[in-house]
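Here the structure is laid out as C-alpha coordinates; the discussion comes afterwards.
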Amino acid sequence: MAPQDAVLGWDEESNAEAYDTFTRTHPMYDTTSRDLARRAGLADARLVVDLCGGAGATARAILDLAPHAQILSVDSAAAMQRVGRRTVPDLRVSWITAPAEQLTHHVASGSADAVVCNSAIWKTDTSTVFAAVARVLRPGGRFVFNIGGGFAGVRHPDEHAVRATPSLNALIRQIAARDHGYTPPPSKETEPKLPLETVTAQLFAAGLSVLDTEVTAQHGTMAEKKAWLSIPLFAMPADADFTHAQRMQILHAAYALTTPDTPTVTSWLVVVAQRPKAQP
(Lines give C-alpha, C1' and ligand atoms only; values in the text may rest on other atoms or scores of the structure.)
Protein backbone atom coordinates (compact mmCIF):
# COMPACT_ATOMS: atom_id res chain seq x y z
CA MET A 1 0.00 0.00 0.00
CA ALA A 2 1.27 3.47 -0.86
CA PRO A 3 2.30 5.58 2.15
CA GLN A 4 -0.08 8.22 3.43
CA ASP A 5 0.77 11.69 2.19
CA ALA A 6 -0.48 15.08 3.36
CA VAL A 7 -0.59 17.72 0.66
CA LEU A 8 -3.57 19.83 1.69
CA GLY A 9 -4.20 21.45 5.06
CA TRP A 10 -0.83 23.04 5.74
CA ASP A 11 -2.37 26.52 5.58
CA GLU A 12 -4.71 25.83 8.51
CA GLU A 13 -3.81 27.31 11.90
CA SER A 14 -4.62 24.13 13.85
CA ASN A 15 -2.26 22.05 11.73
CA ALA A 16 0.48 24.67 11.79
CA GLU A 17 0.39 24.99 15.58
CA ALA A 18 0.22 21.23 16.17
CA TYR A 19 3.04 20.59 13.71
CA ASP A 20 5.27 23.20 15.33
CA THR A 21 4.59 21.76 18.78
CA PHE A 22 5.59 18.32 17.51
CA THR A 23 8.87 19.57 16.03
CA ARG A 24 9.79 21.18 19.36
CA THR A 25 8.75 18.25 21.53
CA HIS A 26 10.16 15.35 19.53
CA PRO A 27 13.57 15.03 17.85
CA MET A 28 12.57 13.79 14.38
CA TYR A 29 12.64 17.09 12.49
CA ASP A 30 15.59 18.53 14.36
CA THR A 31 17.63 15.39 13.67
CA THR A 32 16.81 15.23 9.97
CA SER A 33 17.26 19.00 9.57
CA ARG A 34 20.71 18.92 11.13
CA ASP A 35 21.70 15.94 9.04
CA LEU A 36 20.79 17.75 5.82
CA ALA A 37 22.39 21.02 6.93
CA ARG A 38 25.66 19.26 7.79
CA ARG A 39 25.75 17.62 4.37
CA ALA A 40 25.26 21.01 2.72
CA GLY A 41 28.61 22.31 4.04
CA LEU A 42 27.37 25.63 5.40
CA ALA A 43 30.33 26.88 7.43
CA ASP A 44 31.14 29.67 4.95
CA ALA A 45 27.69 30.07 3.41
CA ARG A 46 26.25 33.55 2.99
CA LEU A 47 22.81 32.71 1.59
CA VAL A 48 20.90 29.48 2.25
CA VAL A 49 17.41 28.65 0.99
CA ASP A 50 15.22 26.55 3.28
CA LEU A 51 12.85 25.16 0.65
CA CYS A 52 9.36 24.13 1.82
CA GLY A 53 10.55 25.46 5.16
CA GLY A 54 7.21 25.31 6.97
CA ALA A 55 7.31 26.68 10.50
CA GLY A 56 11.09 26.90 10.66
CA ALA A 57 12.35 23.61 12.09
CA THR A 58 15.06 23.39 9.44
CA ALA A 59 15.80 27.11 9.61
CA ARG A 60 16.67 26.65 13.30
CA ALA A 61 19.24 23.99 12.39
CA ILE A 62 20.70 26.13 9.61
CA LEU A 63 21.05 29.10 11.96
CA ASP A 64 23.22 26.98 14.24
CA LEU A 65 25.39 25.52 11.46
CA ALA A 66 25.71 28.56 9.17
CA PRO A 67 26.84 31.36 11.48
CA HIS A 68 27.35 33.93 8.69
CA ALA A 69 24.36 33.12 6.47
CA GLN A 70 21.11 34.81 5.67
CA ILE A 71 18.30 32.27 5.34
CA LEU A 72 15.35 32.48 2.98
CA SER A 73 12.56 30.20 4.17
CA VAL A 74 10.23 29.51 1.24
CA ASP A 75 6.85 27.86 1.77
CA SER A 76 3.40 28.17 0.21
CA ALA A 77 1.51 27.93 3.54
CA ALA A 78 1.08 31.33 5.19
CA ALA A 79 -0.20 29.73 8.41
CA MET A 80 3.02 27.74 8.81
CA GLN A 81 5.09 30.85 8.24
CA ARG A 82 3.09 32.88 10.75
CA VAL A 83 4.07 30.32 13.36
CA GLY A 84 7.66 30.42 12.13
CA ARG A 85 7.90 34.20 12.36
CA ARG A 86 6.74 34.01 15.97
CA THR A 87 8.89 31.09 17.09
CA VAL A 88 12.04 31.75 15.04
CA PRO A 89 12.44 35.53 15.45
CA ASP A 90 16.08 35.63 14.33
CA LEU A 91 16.59 38.55 11.93
CA ARG A 92 18.80 36.42 9.70
CA VAL A 93 15.67 34.54 8.55
CA SER A 94 13.40 36.01 5.88
CA TRP A 95 10.05 34.41 5.08
CA ILE A 96 8.81 34.11 1.51
CA THR A 97 5.27 32.79 1.01
CA ALA A 98 5.43 31.06 -2.35
CA PRO A 99 5.40 27.54 -3.82
CA ALA A 100 8.74 25.86 -4.38
CA GLU A 101 8.12 25.87 -8.12
CA GLN A 102 8.32 29.69 -8.09
CA LEU A 103 11.71 29.83 -6.38
CA THR A 104 13.32 31.81 -9.20
CA HIS A 105 10.72 34.57 -8.78
CA HIS A 106 12.17 35.37 -5.37
CA VAL A 107 15.85 34.34 -5.37
CA ALA A 108 18.41 35.80 -7.76
CA SER A 109 20.17 33.49 -10.18
CA GLY A 110 23.47 32.16 -8.89
CA SER A 111 23.08 33.75 -5.47
CA ALA A 112 22.48 30.80 -3.11
CA ASP A 113 25.31 28.84 -1.52
CA ALA A 114 22.94 25.99 -0.68
CA VAL A 115 19.32 24.88 -0.89
CA VAL A 116 18.01 22.49 1.77
CA CYS A 117 14.63 20.75 1.68
CA ASN A 118 13.54 18.53 4.57
CA SER A 119 10.67 16.05 4.31
CA ALA A 120 8.78 17.73 1.49
CA ILE A 121 10.33 17.44 -1.97
CA TRP A 122 7.96 14.67 -3.12
CA LYS A 123 5.02 17.04 -2.61
CA THR A 124 6.34 19.31 -5.37
CA ASP A 125 6.67 19.18 -9.13
CA THR A 126 10.21 17.92 -8.80
CA SER A 127 11.41 18.46 -12.37
CA THR A 128 10.33 22.12 -12.18
CA VAL A 129 11.78 22.57 -8.70
CA PHE A 130 15.12 20.97 -9.61
CA ALA A 131 15.47 23.33 -12.58
CA ALA A 132 14.67 26.31 -10.34
CA VAL A 133 17.20 25.20 -7.73
CA ALA A 134 19.87 24.85 -10.41
CA ARG A 135 19.28 28.46 -11.48
CA VAL A 136 19.52 29.99 -8.00
CA LEU A 137 22.58 28.04 -6.85
CA ARG A 138 26.03 29.49 -7.33
CA PRO A 139 28.55 27.26 -9.15
CA GLY A 140 29.58 24.63 -6.61
CA GLY A 141 26.49 25.24 -4.47
CA ARG A 142 24.75 22.23 -2.98
CA PHE A 143 21.16 21.05 -3.03
CA VAL A 144 20.44 18.63 -0.17
CA PHE A 145 17.09 16.96 0.38
CA ASN A 146 15.50 13.77 1.64
CA ILE A 147 12.65 11.57 0.51
CA GLY A 148 10.52 9.39 2.79
CA GLY A 149 11.41 5.74 2.31
CA GLY A 150 7.90 4.79 1.21
CA PHE A 151 7.95 7.42 -1.54
CA ALA A 152 11.48 6.52 -2.66
CA GLY A 153 10.94 2.77 -2.47
CA VAL A 154 13.78 2.18 0.01
CA ARG A 155 13.98 0.66 3.45
CA HIS A 156 16.89 0.78 5.88
CA PRO A 157 17.89 -2.57 7.44
CA ASP A 158 16.99 -1.19 10.88
CA GLU A 159 13.38 -0.83 9.74
CA HIS A 160 13.22 -4.55 8.92
CA ALA A 161 14.39 -5.32 12.45
CA VAL A 162 11.33 -3.73 14.10
CA ARG A 163 8.72 -5.25 11.79
CA ALA A 164 8.00 -8.12 14.20
CA THR A 165 5.41 -6.02 16.05
CA PRO A 166 2.34 -4.47 14.39
CA SER A 167 2.79 -0.85 13.43
CA LEU A 168 0.55 1.80 14.98
CA ASN A 169 -0.84 2.48 11.50
CA ALA A 170 -1.87 -1.17 11.16
CA LEU A 171 -3.47 -1.20 14.60
CA ILE A 172 -5.43 1.96 13.75
CA ARG A 173 -6.87 0.32 10.65
CA GLN A 174 -7.77 -2.79 12.65
CA ILE A 175 -9.56 -0.81 15.37
CA ALA A 176 -11.34 1.35 12.82
CA ALA A 177 -12.59 -1.73 10.97
CA ARG A 178 -13.57 -3.66 14.11
CA ASP A 179 -15.26 -0.89 16.08
CA HIS A 180 -16.23 1.82 13.59
CA GLY A 181 -17.31 0.08 10.39
CA TYR A 182 -14.27 1.15 8.42
CA THR A 183 -13.62 -0.73 5.20
CA PRO A 184 -9.96 -0.47 4.19
CA PRO A 185 -9.32 0.06 0.49
CA PRO A 186 -8.02 -2.98 -1.39
CA SER A 187 -4.32 -3.43 -0.81
CA LYS A 188 -2.34 -3.15 -4.00
CA GLU A 189 1.27 -2.81 -4.90
CA THR A 190 2.15 0.59 -6.29
CA GLU A 191 5.35 1.89 -7.80
CA PRO A 192 7.28 4.31 -5.55
CA LYS A 193 6.47 7.92 -6.31
CA LEU A 194 10.04 9.21 -6.46
CA PRO A 195 12.70 6.47 -6.74
CA LEU A 196 16.38 7.31 -6.99
CA GLU A 197 16.45 6.57 -10.73
CA THR A 198 13.82 9.25 -11.35
CA VAL A 199 15.53 11.71 -9.03
CA THR A 200 18.90 11.22 -10.69
CA ALA A 201 17.46 11.66 -14.19
CA GLN A 202 15.58 14.83 -13.22
CA LEU A 203 18.61 16.32 -11.48
CA PHE A 204 20.78 15.61 -14.52
CA ALA A 205 18.19 17.20 -16.81
CA ALA A 206 18.25 20.30 -14.58
CA GLY A 207 22.03 20.57 -14.84
CA LEU A 208 22.82 19.24 -11.36
CA SER A 209 25.21 16.42 -10.52
CA VAL A 210 24.65 13.89 -7.75
CA LEU A 211 27.48 13.89 -5.21
CA ASP A 212 26.11 11.36 -2.74
CA THR A 213 23.06 9.33 -1.78
CA GLU A 214 22.39 7.38 1.39
CA VAL A 215 19.51 5.46 2.93
CA THR A 216 19.31 6.55 6.57
CA ALA A 217 17.24 5.43 9.55
CA GLN A 218 15.39 7.77 11.90
CA HIS A 219 14.87 6.03 15.25
CA GLY A 220 11.87 6.95 17.37
CA THR A 221 9.31 5.47 19.71
CA MET A 222 5.67 4.50 19.61
CA ALA A 223 4.95 7.55 21.78
CA GLU A 224 6.49 9.83 19.15
CA LYS A 225 4.48 8.09 16.43
CA LYS A 226 1.28 8.67 18.40
CA ALA A 227 2.12 12.37 18.74
CA TRP A 228 2.71 12.57 14.99
CA LEU A 229 -0.63 10.92 14.20
CA SER A 230 -2.36 13.35 16.57
CA ILE A 231 -1.65 16.22 14.16
CA PRO A 232 -4.90 16.71 12.22
CA LEU A 233 -3.07 16.50 8.89
CA PHE A 234 -1.80 13.02 9.62
CA ALA A 235 -4.67 11.54 11.64
CA MET A 236 -5.91 8.18 10.38
CA PRO A 237 -7.75 6.66 8.65
CA ALA A 238 -7.48 9.57 6.22
CA ASP A 239 -9.55 7.83 3.55
CA ALA A 240 -12.72 7.61 5.66
CA ASP A 241 -15.35 10.15 6.70
CA PHE A 242 -14.39 10.36 10.37
CA THR A 243 -14.24 13.52 12.46
CA HIS A 244 -10.93 14.41 14.06
CA ALA A 245 -12.40 13.43 17.44
CA GLN A 246 -13.30 10.00 16.09
CA ARG A 247 -9.82 9.56 14.63
CA MET A 248 -8.32 10.46 18.01
CA GLN A 249 -10.59 7.92 19.72
CA ILE A 250 -9.35 5.26 17.30
CA LEU A 251 -5.74 6.36 17.80
CA HIS A 252 -5.99 6.13 21.59
CA ALA A 253 -7.53 2.64 21.37
CA ALA A 254 -4.79 1.46 19.02
CA TYR A 255 -2.03 3.06 21.11
CA ALA A 256 -3.34 1.26 24.20
CA LEU A 257 -2.32 -2.00 22.51
CA THR A 258 1.32 -0.86 22.33
CA THR A 259 4.12 0.09 24.70
CA PRO A 260 5.19 3.77 24.60
CA ASP A 261 8.92 3.03 24.36
CA THR A 262 8.58 0.42 21.62
CA PRO A 263 11.14 1.43 18.98
CA THR A 264 10.05 2.66 15.56
CA VAL A 265 12.20 3.29 12.50
CA THR A 266 11.55 5.57 9.55
CA SER A 267 13.69 5.21 6.44
CA TRP A 268 14.88 8.16 4.34
CA LEU A 269 16.70 8.50 1.06
CA VAL A 270 19.10 11.44 1.39
CA VAL A 271 20.42 13.08 -1.78
CA VAL A 272 23.28 15.57 -2.10
CA ALA A 273 23.42 17.31 -5.49
CA GLN A 274 25.57 20.16 -6.74
CA ARG A 275 25.63 22.79 -9.44
CA PRO A 276 28.89 22.07 -11.27
CA LYS A 277 31.76 24.35 -10.39
CA ALA A 278 32.83 26.90 -12.96
CA GLN A 279 35.70 25.78 -15.20
CA PRO A 280 38.94 27.71 -14.65
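The values are calculated or read from the model by the stated rules, or taken from the named source; none is laboratory data. Quick caveat: nothing in here was measured; it's all calculated off a predicted structure. Glycine gets a Cβ as well: all are built from the backbone with ideal geometry, and neighbour counts include every protein chain shown. For accessibility, only protein heavy atoms count, side chains too; no ligands or nucleic acids. Shrake-Rupley method; radii C 1.70, N 1.55, O 1.52, S 1.80 Å.
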To the nearest Å², the heavy-atom accessible area per residue of the chain with 1.4 Å probe amounts to 46 Å²
Within the chain, what percent of beta bridges assigned by DSSP are antiparallel, to the nearest 5? 50 percent
Charge dipole (the chain, unit charges on Cβ, about Cα centre) - positive-most of T200, A69, A223: A69
Using amide H atoms built in the peptide plane, which far-off residues or other-chain residues are under 5 Å from V115 H to H? V49, R142, F143, V144
Which is farthest toward the positive dipole end of the chain among T31, N169, Q274, measuring Cα position about the Cα centre, with Cβ charges +1 (Lys, Arg) and -1 (Asp, Glu)? Q274
To the nearest 20 debye, what is the magnitude of the charge dipole of the chain about its Cα centre, counting +1 on the Cβ of each Lys and Arg and -1 on the Cβ of each Asp and Glu? 440 debye
Please report the spacing between the Cα centers of the stretch 213-280 and the stretch 58-80 in Å, no decimals. 22 Å
Label corresponding to Rg and Dmax of the Cα atoms in Å when calculated from the structure given, among (1) 21.3, 87; (2) 17.0, 52; (3) 19.2, 69: (3)
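Size of the dipole of the stretch 183-263 about the Cα centre, Lys and Arg at +1 and Asp and Glu at -1 on the beta carbon, nothing else charged, in debye to 20?
Details: 5 positive and 9 negative charges, 63 e Å.
That gives the stretch 183-263 a dipole magnitude of about 300 debye.
At 0.36 nm per residue, minus the direct Cα-Cα distance, what do R24 and R38 gain on full extension? Give it in nm, one decimal, please.
Details: separation 14, 0.36 × 14 = 5.04 nm, distance 1.97 nm.
The span from R24 to R38 would gain 3.1 nm if fully extended.
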On a C-alpha basis, how far is the centre of the stretch 170-207 from the centre of the stretch 84-147 in Å? Whole number, if you could? 26 Å
In nm, to one decimal, how far is the modelled label at Q70 from the one at T31, with both set 7 Å along Cα→Cβ? 3.5 nm
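So for C52, C117, what's the accessible-area order with a 1.4 Å probe, most first?
On the way: C52 35, C117 0 Å².
Ranked list, largest accessible area first: C52, C117.
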Within 10 Å, at most 16 other Cβ atoms, and a DSSP state outside H, G, I, E, B define an exposed site. Report the longest part of the chain free of exposed GluC sites (Glu not before Pro). 13-188
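After finding the eigenvalues of the alpha carbon gyration tensor for the stretch 199-244, what semi-axes result from the square roots of 5 times each, listed largest first in whole Å? If you can, show how the numbers build up before the last one.
Details: eigenvalues 250, 64, 10 Å².
One finds semi-axes of 35, 18, 7 Å for the stretch 199-244.
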Excluding residues fewer than 8 positions from K123 in its own chain, the lysines with Cα under 27 Å of it are K188, K193, K225, K226
Which listed residue (W122, G149, T87) has the Cα farthest towards the positive end of the charge dipole for the stretch 80-236, taking +1 on Lys and Arg C-beta and -1 on Asp and Glu C-beta about the Cα centre? T87
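Loop-only trypsin sites (Lys or Arg not before Pro) in the stretch 6-65, please: DSSP not H, G, I, E or B, and at most 14 other Cβ atoms within 10 Å. Please report the intermediate quantities before stating the final value.
Details: sites: R24, R34, R38, R39, R46, R60; in loops: R46.
Here the sparse-neighbourhood loop sites are R46.
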One would report the Cα pair-distance distribution of the stretch 85-174, bin width 5 Å, in %, as 3, 10, 15, 18, 15, 11, 9, 9, 7, 2, 0
Amide H contacts under 5 Å for T264, placed H, 5+ residues apart: G220, T221, M222
How large is the helix-only mean residue ellipticity at 222 nm for the chain, computed as the sum of -39500 (n - 2.57) over DSSP H runs with n ≥ 4, divided by its residue count, in deg cm²/dmol to the nearest 500? -11000 deg cm²/dmol
What residues of the stretch 221-238 lie in the reach of a label at D261, counting those whose backbone N is under 13 Å from a point 7 Å from the Cα along Cα→Cβ? 221-223
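Assign unit charges at the C-beta atoms only (+1 for Lys and Arg, -1 for Asp and Glu), then state the dipole size of the stretch 123-280 relative to its Cα centre in Debye, rounded to the nearest 20. Provide the component values of the computation, followed by the final result.
On the way: 15 positive and 13 negative charges, 87 e Å.
For the stretch 123-280, the charge dipole is close to 420 debye.
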When only alpha-carbon atoms count, how far does the stretch 97-250 stretch along each of its three principal axes, as whole angstroms with the largest first? 57, 35, 29
